[in-house]
């Protein structure tokens, strides 16, 4: 009777080796894709006059803000979680590691946006509250007036010929209204305004995982 144990054993070794190499190849492909995405983001950020819009980092559970919300009182708002604070710090470290220094950093007046911006960028620039970036979710603010102000500012900056990039830390509803892009918390989009303040998306992604 033929002994099949040896051929089967060899086959198992071959299959295991093939699977290991396939897994390694997929892992390397994933790393290469991530590096390419990062390189694309960096190139986009270096576009003269670009605006990097960042949705605030991860927050405590919930949607929107409590009914007793007050803009000047962080205790009445939905704020960053510990994870969000850590990610904000790593976000700033990534910008520094890439040699990317924003010309200005603007933020919504909401505490979760201000904290994201300050943890990430306070060592590189003064974080300036910009009411046009405030949320207009749940009936807050004036959507049309805020969007007009943000677009007008972007157009004026372009007309002045400013070549550095700016960072705007804001909310999903604001970013979607300006760019048409939906971002999760901690994600960003790189956009370029035209002479009328309309934004063209250059890249988007997530950093500091």
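Quick note: the coordinates plus some simple rules give every number you see, no bench work behind them. Model, not experiment: these values are computed from the prediction. Because the Cβ atoms are built from the backbone with ideal geometry, glycine has one as well, and the counts that use them run over all protein chains shown.
Tabulated data for the structure shown
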| item | result |
| --- | --- |
| Residue order, fewest to most surrounding Cβ atoms within 10 angstrom, among 158, 91 | 158, 91 |
| Mean separation of Cα contacts under 8 Å (6+ apart) over length of segment 154-209, as relative contact order % | 32 |
| Relative contact order %, segment 70-177, counting alpha carbon pairs below 8 Å whose residues are six or more apart | 30 |
| Separation of alpha-carbon centers, segment 60-82 and segment 85-164, rounded to whole Å | 19 |
| Beta bridge orientation in segment 46-206: antiparallel %, DSSP, nearest 5 | 50 |
| Per-residue Cβ neighbour rank within 10 angstrom, fewest leading, 94, 110 | 94, 110 |
| Footprinting exposure proxy for 111, 74 (fewest neighbouring C-beta atoms within 10 Å first) | 74, 111 |
